[in-house]
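Here the structure comes first, spelled out in structure tokens, and everything after it is commentary.
The values are calculated or read from the model by the stated rules, or taken from the named source; none is laboratory data. From a predicted model like this one, the values you see are computed outputs, not experimental measurements. With ideal geometry, Cβ positions are generated from the backbone for all residues, glycine too; neighbour counts draw on all protein chains shown.
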Amino acid sequence: MTPILATSLGFGDFAIIAWIVLVFAGASAAYSSRQSGLRRIEQKLDALLKHQGVSLPPQAKLSEEVQQLARDHHKIEALTLHREQTGLGLAEAKADVEDFIKTIQ
């Protein structure tokens, strides 16, 4: 008994599917690499600012989306989004969001 897919798709079809998978995998890897590089640059910049004694206002640390979630009293969603965007741990993200919330109250 032969599989149905193997009899209905030819070699060219499998080649096209493989090419599409490779293109998307490569694009995903490039995006991931770029995000990782940006995170490293942000961490270095934060370290330089801290070393120089420069502190940013709480709203400068958060994206507009995170700020809007915090304003709308969606603290957990704001924390989750801030962690995804910055790669911070839970404690750091929570401190950033709570500092922002204190400034708007």
> Of everything in region 54-70 that's of a type outside the set (K, R) and at pLDDT below 90, which residue is nearest to S32 (Cα to Cα)?
Replying inline: A60
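Given the criteria surrounded by 12 or more Cβ atoms within 10 Å (Cβ to Cβ) and farther than 21 Å from D99 by Cα, does R39 qualify?
yes
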> Among the candidates H82, H73, which residue alone is closer than 30 Å to Q105 by Cβ, modelled with pLDDT of 85 or more and part of a helix (DSSP H, G or I)?
Replying inline: H82
> Taking region 49-70 as the region of interest, how many residues are free of Cβ contacts under 8 Å to residues at least 40 places away in the same chain and either loosely packed, with under 10 Cβ neighbours inside 10 Å or not in a helix (DSSP H, G or I) (or both)?
Replying inline: 10
